[in-house]
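Quick one: the structure is below, questions incoming.
The values are calculated or read from the model by the stated rules, or taken from the named source; none is laboratory data. None of the values given here were measured: they were computed from a predicted structure. Reconstructed Cβ throughout: ideal geometry from the backbone, glycine too, with neighbour counts over all protein chains shown. SASA here: full protein model, heavy atoms, side chains in, ligands and nucleic acids out. Shrake-Rupley method; radii C 1.70, N 1.55, O 1.52, S 1.80 Å.
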Amino acid sequence: IWQTVWLEPVATQYITNLKTTPNIDNNSVKVEVAANTTSADKVEVKVFDGKNLVAKGAALNGVPVELAMPANAKLWSPDSPFLYNMEVTLYKDGKAIDQVKSYTAMRKYSIRKGQNGITRLQLNNKDYFQFGPLDQGWWPDGLYTAPTDEALLFDIKKTKDWGFNMIRKHVKVEPARWYYHCDKEGILVWQDMPSGDHGSYIWDHHVYNGGKDNERTPESKANYYREWKEIMDLCISNPSVVVWVPFNEAWGQFETEKAAEWTKTYDPSRLVNPASGGNFRACGDILDLHNYPGPAMYLFDPVRVNVLGEYGGIGLAVENHLWWNKRNWGYVQFKNSDEVTAEYVKYAKELKAMVPKGFSAAVYTQTTDVEGEVNGLMTYDRKVIKINEAEVRKANQEVIKALSE
């Protein structure tokens, strides 16, 4: 079971799924409504700003509803995560037979070649540096399962407190509720595909077109695409999700160009990071470098966005808050919070200097300790924040603002 389970009474004919796609360039939202019937008269969609109706449209069952939004539609961003309420009704013989409530947001993710020929990430048609932690979403008592909804929200709120505007959800898929919190709180999400298969692991992360893709069986390939589609379907209407990451560090990486093209074709509204720190191929939207412990730029692609998909890993073992009292590790180890903070700020300054040279995003490892990994910004039990939060926030905001200086 990989999602929250609930039991809900429904009518004989009912709405089964919604897919919303905003377009800020023509002030519209497309809503695709799936139902378990083909005999309904129509579906009707209403969009509200609070309680005020701002858009309304209808279509025959199975046909997308195109909604014209106000010319001054409010745009969603981490600084202003505005959500429009949405109401969808299914009609038969002029009578409403089912209704669901949801939400949508007006936002756009894209790339554009700008100053000095550097391709940049854009949010709502403006250059926007994306910076956040690697978040594996592990918990000491439930492993992949958070103890409460409040716990899910806590990690997201702390990430924003530290001055980040993005989270890379690392080789894990969260319950739908987590993505809702990201939408509402206002934080961008890079969504990884969990790694699979036991193929060869030939990795050369300092060479473009280096390394070797894995040989996977037809069954393994089919399973990959089936599960990747399920993950994308889960998040496809969440405005916070900005980047799809099909592969991480050559783990199970196969037919990279084909996987990147499939992902982009299935969802052209978002960006594709084909191989985060893996065997790089000239495909997708992003070239993603990994380097530990400090940031480094050792490859550059003039066509794609250049990002630092992992760095950092500053370790601090906090007594009485360890999962394991034996061999704990970080990429570098320090003795106290002051030392960790100083090293973090040093790396942030190095990263800031690389932004004008080409980096458009970065991911710091990591949000929390995970079992024997003690390189989290807070402990595994979330009870100890290891860094000076004010200093880290200041450093992070300076990195984000470097793109506009």
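Which condition breaks for Ala250 when tested against (1) buried (at least 22 other Cβ atoms within 10 Å of the Cβ); (2) outside any strand (DSSP E or B); (3) modelled with pLDDT of 95 or more?
(3)
Now for a separate question. Assess whether Pro293 counts as being open to solvent by 10 Å² or more (accessible area, probe 1.4 Å) and touching a helix residue (DSSP H, G or I) at 6+ places or on another chain (Cβ under 9 Å).
The answer is yes for Pro293.
Still on this structure, please answer the following. Kindly provide the set of residues from the stretch 77-106 that are among the hydrophobic types (A, V, I, L, M, F, W, C), open to solvent by 10 Å² or more (accessible area, probe 1.4 Å) and not in a loop (DSSP other than H, G, I, E, B), ordered by number.
Ala96, Ile97, Val100
On to the next question. Would you mind stating whether Leu308 is open to solvent by less than 10 Å² (accessible area, probe 1.4 Å), within 22 Å of Gln122 (Cα to Cα) and not in a helix (DSSP H, G or I)?
It is true that Leu308 is open to solvent by less than 10 Å² (accessible area, probe 1.4 Å), within 22 Å of Gln122 (Cα to Cα) and not in a helix (DSSP H, G or I).
While we're on this one: On the basis of being open to solvent by 30 Å² or more (accessible area, probe 1.4 Å), under 21 Å from Trp203 (Cβ atoms) and touching a helix residue (DSSP H, G or I) at 6+ places or on another chain (Cβ under 6 Å), does Gly284 make the cut?
Yes: the conditions hold for Gly284.
Check off (1) touching a residue at least 12 places away in the same chain (Cβ under 8 Å); (2) part of a loop (DSSP other than H, G, I, E, B) for Pro268 and give me the number that stays unchecked.
All conditions pass for Pro268, except number (1).
The rows are residues; the columns are (1) in contact (Cβ under 8 Å) with a residue 12 or more places away in the chain; (2) among the hydrophobic types (A, V, I, L, M, F, W, C).
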site	(1), (2)
Asp301	yes, no
Tyr311	yes, no
Glu319	no, no
Asn336	yes, no
Val340	yes, yes
Ala348	yes, yes
Leu351	yes, yes
Gly358	yes, no
Asp369	yes, no
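Of the conditions (1) buried (at least 18 other Cβ atoms within 10 Å of the Cβ); (2) over 17 Å from Asn17 (Cβ atoms), Lys74 clears all except one; give me its number.
Tallying (1) buried (at least 18 other Cβ atoms within 10 Å of the Cβ); (2) over 17 Å from Asn17 (Cβ atoms), Lys74 fails exactly one: (1).
Could I ask something else about it? If Ala259 meets every condition in (1) in contact (Cβ under 8 Å) with a residue 40 or more places away in the chain; (2) open to solvent by less than 20 Å² (accessible area, probe 1.4 Å) apart from one, which number is that one?
Condition not satisfied by Ala259: (1).
Is there any pair with a first residue in the stretch 4-33 that is within 30 Å of Asn125 (Cβ to Cβ) and part of a loop (DSSP other than H, G, I, E, B) and a second that is modelled with pLDDT of 95 or more and among the aliphatic types (A, V, I, L, M) whose Cβ atoms are under 6 Å apart and which are 6 or more apart or on different chains, and what are they?
Ile24/Met106; Asn27/Met69; Asn27/Ala73
Name the single residue, out of those in the stretch 60-71 being part of a loop (DSSP other than H, G, I, E, B) and in contact (Cβ under 8 Å) with a residue 24 or more places away in the chain, that is surrounded by the fewest Cβ atoms within 10 Å (Cβ to Cβ).
Checked the stretch 60-71; the qualifying residue surrounded by the fewest Cβ atoms within 10 Å (Cβ to Cβ) is Ala71.
Now, a different point. Considering only residues that are over 27 Å from Pro22 (Cα atoms) and at pLDDT below 95, look in the stretch 109-142 and name the one that is surrounded by the most Cβ atoms within 10 Å (Cβ to Cβ).
The residue in question is Gly142.
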